[in-house]
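Each remark here refers to the structure printed beneath this line.
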Amino acid sequence: MNEQSKTIIDLQQIRKSFFLGKPNELEILHGIDLQVTEGEFVSIVGESGSGKSTLMNIIGALDRPTTGSYHLADTDIGNAKDKELSEIRNQKIGFVFQTYNLIARTTALSNVELPMLYSGVSKSKRTARAKELLEMVGMKNRIYHKPDELSGGQKQRTAIARAMANNPAMILADEPTGALDSDTGRHIMDIFHKLHKEQGKTIVLITHSKELAEETERIITLKDGRILNERKGGILC
């Protein structure tokens with residue numbers, strides 16, 4: 001395989017069950033097979049209850065499957081210890097959530113610096129990179145503002161900059177425009193396209209919006225915990 005076609009996400013027969021007390025067991029994912037290659041822009045769509053949030057948590061190493069195997073790049077997530085998973089989430093995955101998940105009491109700059117602080121990057125280097133990333137997402141003039149002084153779109157721009165802090169292997173975006181108006185959401189999607197096109201980032205977009213999904217290279221549709229179909233999208237270039 002050449003570098004461009006290297007598999008970064010490899011899910012094999014992923015099942016996820018929740019135990020509600022014997023003999024009750026609720027299986028949410030029913031044998032998911034999914035591969036994503038390096039540099040791909042993929043969307044996972046589905047109605048509420050389709051299992052996409054559960055699948056996102058597994059892809060993001062926030063939860064483990066009940067059965068099946070998951071390799072992220074060269075790491076077997078199923079056999080990874082908790083400390084290793086924490087490092088993977090910090091180093092290899094950039095998370096962007098609908099609710100932003102910014103620390104309220106600190107500035108945009110400090111929020112973006114935080115993943116690098118956990119990685120042991122020096123103060124001068126992490127500040128320089130955080131400023132560079134915030135400028136990249138159009139936040140140059142708001143770096144010292146706290147989240148309650150920012151609009152929803154500015155908070156999400158800050159969250160994207162934070163997701164990029166450690167130059168992760170992929171960005172996992174969960175309904176990143178869900179709390180934004182259409183114009184602001186358009187700007188956020190433009191940033192993702194820029195990261196994909198100019199930096200070759202692997203992006204997995206979790207969304208209920210069929211319109212947003214159409215902007216990606218490949219659309220995977222979930223229904224009742226199974227992949228209903230997958231097809232090419234009409235990605236904007």
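The values are calculated or read from the model by the stated rules, or taken from the named source; none is laboratory data. In this text the structure is predicted, and so the values were computed from the model without any measurement. Glycine gets a Cβ as well: all are built from the backbone with ideal geometry, and neighbour counts include every protein chain shown. SASA here: full protein model, heavy atoms, side chains in, ligands and nucleic acids out. Shrake-Rupley method; radii C 1.70, N 1.55, O 1.52, S 1.80 Å.
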> Restricting the search to region 197-208, which residues are farther than 12 Å from residue 160 by Cβ, under 16 Å from the mean Cα position of the chain (by Cα) and either open to solvent by less than 70 Å² (accessible area, probe 1.4 Å) or among the charged types (D, E, K, R) (or both)?
Replying inline: 200, 202, 204, 205, 206, 207
> For region 136-166, what are the residues that are under 21 Å from the mean Cα position of the chain (by Cα) and under 22 Å from residue 119 (Cα atoms)?
Replying inline: 136, 157, 158, 159, 160, 161, 162, 163, 164, 165, 166
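So that you can scan it fast, the table gives a plain yes or no per residue for (1) open to solvent by 50 Å² or more (accessible area, probe 1.4 Å); (2) at pLDDT 95 or above:
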{"site": "14", "(1), (2)": "no, yes"}
{"site": "50", "(1), (2)": "no, no"}
{"site": "55", "(1), (2)": "no, yes"}
{"site": "64", "(1), (2)": "yes, no"}
{"site": "68", "(1), (2)": "no, yes"}
{"site": "77", "(1), (2)": "no, no"}
{"site": "86", "(1), (2)": "yes, no"}
{"site": "95", "(1), (2)": "no, yes"}
{"site": "108", "(1), (2)": "no, yes"}
> Which one of 73, 165 is open to solvent by less than 50 Å² (accessible area, probe 1.4 Å) and modelled with pLDDT under 95?
Replying inline: 73
>> Restricting to region 225-234, and then to whatever is assigned to a loop (DSSP other than H, G, I, E, B) and modelled with pLDDT under 95, can you tell me which residue is surrounded by the most Cβ atoms within 10 Å (Cβ to Cβ)?
In response: 233
> Among the residues of region 121-156, which ones are assigned to a loop (DSSP other than H, G, I, E, B) and of a type in the set (Ser, Thr, Tyr)?
Replying inline: 122, 144, 151
